[in-house]
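In what follows, a structure is listed as structure tokens, so that the remarks can point back to it.
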Amino acid sequence: MRKIPKALTIAGSDSGGGAGIQADLKTMTSLGVYGMSAITSITVQNTVGVFGVYDLPPQVVYDQIKVVVEDIGIDSAKTGMLSNAGIVEAVAKAVKDFKIPNLVVDTVMRSKSGDPLLKVADEQALKEKIIPLSVLITPNIPEAESLTGFKIKSLEDVEKACKKLYLDGANAVLLKGGHGEGDKVIDVFYDGSRFEYLISERINTKNTHGTGCTLSAAISSYLAKGYSLLDAVKNAKDYVHNAIKHSLDIGHGHGPLNHMWQFYKDF
């Protein structure tokens, strides 16, 4: 039998289904990868906002990863919402203990509605414990500003931020341009030796809930399938662009992407 690629998402649960592990597992399934999950937090959430966050004990997070790796095995993993230092440290320990490959870190700090998902006091733990273990981090502009300590207003600032994040411990950076302005979205990839500029048309829609989760899950999926890092990023960006293009007008706030756009384009 053909080997099934397997990917693990380590992230929070979104009861609205548009972000978090729900978005990750939909993405992985859509891309032909067997998805597994280790839940870090349970959020009370819909398209309008986050109304409650309940963190799991760090040992429970560690144990979820442990049993999945020991029984099923994984080809790649991604992190999403890691809401406190205890969870960050538990995940970092699991990554090292079980030699988890191809770790993509989505530096989740706030939801699409602006609600905090990582305590400010615990951002340093993310920088020191998790980021150096990853093959790629995927911050958006506000997250990159928080991680680097300076404002990003231009493409030159983006390049400066990528270099600082790399020097601070990231093995590669994909700095996402969705929060920028103009009719083009420019995502910048940097691996310490080269910049790659990934440009796409900006889609005029409010239905972008879960975009970051989906992108990192897609990158993780392509890595699980054996793609190179840059090819995984390029293919994932194309997948997300189409998922936004065919997004779902659900709820009263920021609607979700259409993770199954290849199969269901006309809702």
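Among (1) 115; (2) 243; (3) 158, find the value of volume of the Cα convex hull per residue in Å³ that was calculated from the structure presented, and write down its label.
Comparing each candidate, only (1) matches the computed number.
Take the chain, mark every one of the trypsin sites (Lys or Arg not before Pro) that falls in a DSSP loop and has at most 14 other Cβ within 10 Å, then report the longest stretch left between them, sites excluded.
4-98
What whole-number value in Å² describes the accessible area per residue of the range 186-244 for a 1.4 Å probe?
38 Å²
Given 0.36 nm per residue, what is the gain on full extension from LYS151 to MET260 after removing their alpha carbon distance, in nm?
35.7 nm is the gain from fully extending LYS151 to MET260.
What is the dipole size for the range 113-267, taken about its Cα centre, with +1 at each Lys and Arg Cβ and -1 at each Asp and Glu Cβ, in debye to the nearest 20?
So the magnitude is around 120 debye.
Counting only protein heavy atoms, what percent of the accessible surface of the range 139-213 is carbon or sulfur at a 1.4 Å probe?
50 percent
Counting only protein heavy atoms and a 1.4 Å probe, tell me what percentage of the range 1-66's accessible area is made up of carbon and sulfur.
Numbers: 1790 of 2830 Å².
On the range 1-66, the fraction of accessible area on carbon and sulfur atoms equals 63 percent.
Can you tell me what share of the DSSP beta bridges in the chain is antiparallel? A percent to the nearest 5 is fine.
45 percent
Helix-only mean residue ellipticity at 222 nm, the chain, DSSP H runs n ≥ 4 weighted -39,500 (n - 2.57), per residue, nearest 500. What is it?
Taken over the chain, the calculation gives -10500 deg cm²/dmol.
Using R₀ = 45 Å, calculate the FRET efficiency as 1/(1 + (r/R₀)^6) where r is the Cβ-Cβ separation of SER193 and ILE4; round to 0.05.
0.85
Just to be sure I understand: with springs between alpha-carbon atoms less than 10 Å apart, which residue in GLY149, GLY169, GLY20 has the highest mean-square fluctuation in the Gaussian network model of the chain?
Judging by the Gaussian network model, the answer is GLY149.
Rounded to the nearest 0.05, what FRET efficiency do VAL44 and ASP183 give with R0 = 35 Å and r taken as the Cβ-Cβ distance? Could you check?
0.45
Check which residues have an amide H placed less than 5 Å from LEU56's amide H, if you skip close sequence neighbours.
SER41, ILE42
Can you compute the modelled spin-label distance between LYS96 and ASN204, with each label point 7 Å from Cα toward Cβ, in nm?
Rounded to a tenth, the inter-label distance reads 5.1 nm.
Take LYS164 and SER15, extend 7 Å from each Cα along the Cα→Cβ direction, and tell me the distance between the two endpoints in nm.
It works out to 3.8 nm between the two label points.
The values are calculated or read from the model by the stated rules, or taken from the named source; none is laboratory data. Note that this is a predicted model, so its numbers are computed, not measured. For neighbour counting, all protein chains shown are included, and Cβ atoms are generated from backbone atoms with ideal geometry for every residue, glycine included. Please note that ligands, DNA and RNA were not included when accessible areas were found on the heavy atoms of the full protein model with its side chains. Shrake-Rupley method; radii C 1.70, N 1.55, O 1.52, S 1.80 Å.
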